[in-house]
Amino acid sequence: MAPKSSPANSATAVNAFHTLWKAYHDNTSDRLKFIDSFLVFLMLSGIVQFVYCVLVSNFPYNAFLAGFSSTVGQFVLAASLRSQVNPDNKNEFKEVSPERAFADFALGSIVLHFFVYNFLG
Amino acid sequence: MFSLRRILLVAVGLASLITAKSSSGDSVLVVVEPKRQDDFSIFYQGLKDQGYDLTFRGPKDEKPLIAEYDEVAFAHVVIFASETKNFAADITPQSLVEILKLKTNLIIALSTKQTPLSLLAPEFSLILPPPGTPLITYFPKRAEPASLIPITPTQQDATNILSKTIKDGRPIWFSGVPQALGTNPQLVPILHAPPESFGAEIDGGSPDAIVDSADKGGEGLWAGSQLSVVTGFQTAENSRVTWVGSVELFSDELAQKVDANGVKSGNAQFALDVAAWTFQESLVLRIDKVEHHRVNETEPRELYTNNDELVFNAYISQFNAKQGVWVPYSGINDLQLEFTMLDPHIRTALPPVRGVPGKYSVTFRAPDRHGVFKFIIDHKRRGWTHLQSSVTVPVVPPRHDGYPRFLSAAWPYYAGAISTSVAFFLFSAIWLGGEVKESAKRPGKAAKAE
């Protein structure tokens, strides 16, 4: 995610974002960054669909609901996966191994997509 | 083979000679005073030549009955007893209306006397002058009395009924009562009075009576060419009744009359033309069948769906009195079809199909409404048989799977859902692939590609 520059006080703001970005870049494992990029993709896809719905047409409303909720649902599942495989949260999810977390994620996603495609057409 | 065909042709020709020339039967009852029965022999002979069976009956005779137990014994009834005040029990205005309902056709002659039949005429929107008031005119100058009038049919008259009379171009001699016409659209004025003619009290009426009744009726005096002297009326059942201002119109005397210039009378042909129309020979149409189906199909459906493209076909025949057969008729140019649920949702022209005689066809889109609809043809033209047809069909909304499935407007949503799935599979594959690599070098930082 690119740092944004605040017009009011650009020097400190840029500095703060730069620091944040650098800290994220250095301290986050590649695995979590990979999940984050997936999350960003889902968010952009959801925004595009919502804007299209508002500006152009929500006409096949079921298709909008299916497409939009597939991105939202996938986002939620991926975010859950991220929190469960994050080594910092080990104390929270003592009995959930990363493999178990991914299996839950995969199963949840498959069920989600099943519903999405049923609702799409 | 050839001779066999010829024999067949001759047989068919003979059969058509003896079959009825009317589309509704060939039995005719003539109610006439016995002493006047022979005055109309030319008219009778004309009917017999057409193939009609005539039965005669005096107005006071009990037999033969016109109708018994709602079963009419004759297809057509001619009442020439125009001056009779007392008829047999079964000839009353009510019974005449009853047999009209049972599709029997009537020719009724009127006279200047007041009779039960002249009291029936107002029920058919004919306004008769008071008794004793025949039509007279002093034009053209002639030797005959003023009440004997030569009438030449004009464009104002029923030219399609009188086509043969008009072709002959002979005058029709008339002596009798005129009728002012009400506004009833079922009236078919066949022959109008000449413009210079008027009703006058020369036959025992009084001038006061005619002025009084003209004021009362609000019709003005009985004068001018808006008066009719022979008037048809077609009922809702398509039976026809013709009111004739005088029985003399059919008499041998006027049929054989030759005027001062040697021009023969047109009465005989006129009488036959009037009888042909009244007895359902001319201007008779029928709807043979109607069809409806969706475009590109041939069979009707039990249900139609909103916005279906529908085809409606009607096949119409006209009766050909010469051969006594129904022949396909494509001559109607103003036929309309209505697709109706309470109100006509669609009213469209039903034009004849070129190259297919008698077929009328239209394609239209069913309205975006569901309900019980009717295809309705309701064609009423003066003088012609009324054409009526009604077919009921339900129009239903599309079934749940009858709507279009994938719409181009929704492609962003489809793309969103598909890309999410593809991304999920890629993510899973890389995650699982990376898992192996990462477990191998877990001590260090995992190197992962997106």
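May I ask you to say which residue of B:258, B:247, B:274 is among the β-branched types (Val, Ile, Thr), assigned by the TED database to the domain that holds residue B:104 and within 24 Å of the chain's Cα centre (by Cα)?
None of the others qualify; the one that does is B:274.
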Check: Is there any pair linking a residue in the stretch A:82-110 that is closer than 22 Å to residue B:421 by Cα to one that is outside any helix (DSSP H, G or I), with Cβ under 6 Å and at least six apart or on different chains, and which?
Finding: A:84/A:93; A:84/A:96
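Every residue, every condition in (1) open to solvent by less than 10 Å² (accessible area, probe 1.4 Å); (2) touching a Pro at 6+ places or on another chain (Cβ under 8 Å); (3) over 23 Å from residue B:139 (Cα atoms), yes or no:
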{"position": "B:186", "(1), (2), (3)": "no, no, yes"}
{"position": "B:198", "(1), (2), (3)": "no, no, no"}
{"position": "B:209", "(1), (2), (3)": "no, yes, yes"}
{"position": "B:228", "(1), (2), (3)": "yes, yes, no"}
Note to self: Every residue in the stretch B:296-324 that is touching a residue at least 40 places away in the same chain (Cβ under 8 Å), open to solvent by 20 Å² or more (accessible area, probe 1.4 Å) and within 14 Å of residue B:23 (Cβ to Cβ), please.
What the structure shows: B:321, B:322, B:323, B:324
Check: Only one of B:125, B:95, B:82 is in the same structural domain as residue B:188 (by the TED database), modelled with pLDDT of 90 or more and in contact with a Gly (Cβ under 9 Å, 6 or more places away or on another chain); which?
Finding: B:125
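Counting only residues that are more than 8 Å from every other protein chain (Cβ to nearest Cβ) and open to solvent by 90 Å² or more (accessible area, probe 1.4 Å), give me the helices (runs of 4 or more DSSP H) lying completely in the stretch A:1-112 with at least 2 of them.
Working: elements: A:10-27, A:30-55, A:61-85.
Per the criteria, A:10-27, A:30-55.
Yes/no per residue for (1) β-branched (Val, Ile, Thr); (2) over 30 Å from residue B:189 (Cα atoms); (3) surrounded by 14 or more Cβ atoms within 10 Å (Cβ to Cβ):
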| residue | (1), (2), (3) |
| --- | --- |
| B:365 | no, yes, no |
| B:377 | yes, no, yes |
| B:386 | no, no, yes |
| B:392 | yes, yes, no |
| B:408 | no, yes, no |
| B:412 | no, yes, yes |
Next item on the list: Among the strands (runs of 3 or more DSSP E) lying completely within the stretch B:70-163, list those that include at least 2 residues that are surrounded by fewer than 23 Cβ atoms within 10 Å (Cβ to Cβ) and touching an Asp or Glu at 6+ places or on another chain (Cβ under 7 Å).
Entry: none
Note to self: Just the residues that are farther than 18 Å from residue A:32 by Cβ, under 10 Å from the mean Cα position of the chain (by Cα) and among the β-branched types (Val, Ile, Thr), please, taken from the stretch A:68-111.
What the structure shows: A:71, A:72
Checklist line | Subset of the stretch B:406-433 (residues that are among the aliphatic types (A, V, I, L, M), more than 19 Å from residue A:40 (Cβ to Cβ) and facing chain A (nearest Cβ under 7 Å)) | finding: B:407, B:409, B:410
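The values are calculated or read from the model by the stated rules, or taken from the named source; none is laboratory data. Since we're looking at a predicted model, the values are computed, not measured. FYI the Cβ positions are ideal-geometry reconstructions off the backbone, even for glycines, and counts take in every protein chain you see. These area figures cover heavy atoms from the full protein model, side chains too; ligands, DNA and RNA do not enter into them. Shrake-Rupley method; radii C 1.70, N 1.55, O 1.52, S 1.80 Å.
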